[in-house]
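Coordinate-derived values only; no laboratory data. What you see is a predicted model; the values in this text were computed from it and never measured. In this analysis, Cβ positions are derived from the backbone assuming ideal geometry, glycine residues included, and neighbour counts consider all displayed protein chains.
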């Protein structure tokens, strides 16, 4: 039982009906948003539509309140006062505008998250594609090196096969990984250079300068092996007297900085006597996909006899 100083039954019914009117109107409003694809519109085009829609819906809720109160016998003619009409309409419109705001924010974030997941999936597919291209490319070059040794020096060819076996084993282990520790990558680089030193003999000089702090940094697999291979293929191997490969790694300001120096020249963006290196394109694509703008890749002539390839990778993505 309700008394005069409490909510009456007609008043409670009016309150419930008004709440239902908000529910039904927002349901229809959501249908309109989906049908007209408002989520795809720019903010400039969307805001006027939302403001106008909420004002119309605000007036609709006010009209329902008037009709229900009349049916329930609690109609008050003051509701038809212009001040009440505007006040209640704008109040309802404000509530509906806030509902719209939360609705659009929620769905924009939903779409953004879906977009990020879709982009991540595409990136992963492209990364896997790039990695799958590395193995055949490397194996082809390695087998050519071994073939050159088979007739001239069978013992060295056996050693070369062992080196290649180590590389392939490491490659199979890391093939399914997006990142590996730099120490594991160094093992592959050293096996590769061991294989090449059999072919070049005294014509290839190798130097390493590795900061112990760099060994646990996570890096893309086969990336630095590919850059070292690129330096030998387009640098050292083009020189009659051979040359030198140097790999230096250190951690500076939360970045892994790796420098690869090789004998040769880099002219107009291309190593002398070669087309633009496959390994360079591959490296740039992989760094962009994994690190975005956080990583750095550059190649230049350090002097007239040496090409410097430099990669900087953040310690954490």
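Tabulated data for the structure shown
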quantity: Likely footprinting exposure, 200, 77, 208, fewest C-beta neighbours within 10 Å first; calculated: 77, 208, 200
quantity: Which of 298, 41 has the fewest Cβ neighbours within 10 Å, and the rest in rising order; calculated: 298, 41
quantity: Segments 9-16, 284-291 sorted - mean Cβ within 10 Å per residue, highest first; calculated: 284-291, 9-16
quantity: Gap separating the Cα centres of segment 157-226 and segment 48-71, nearest whole Å; calculated: 72 Å
quantity: Prolate/oblate/rounded label for segment 153-314 (Cα gyration tensor, a/c 1.5); calculated: oblate
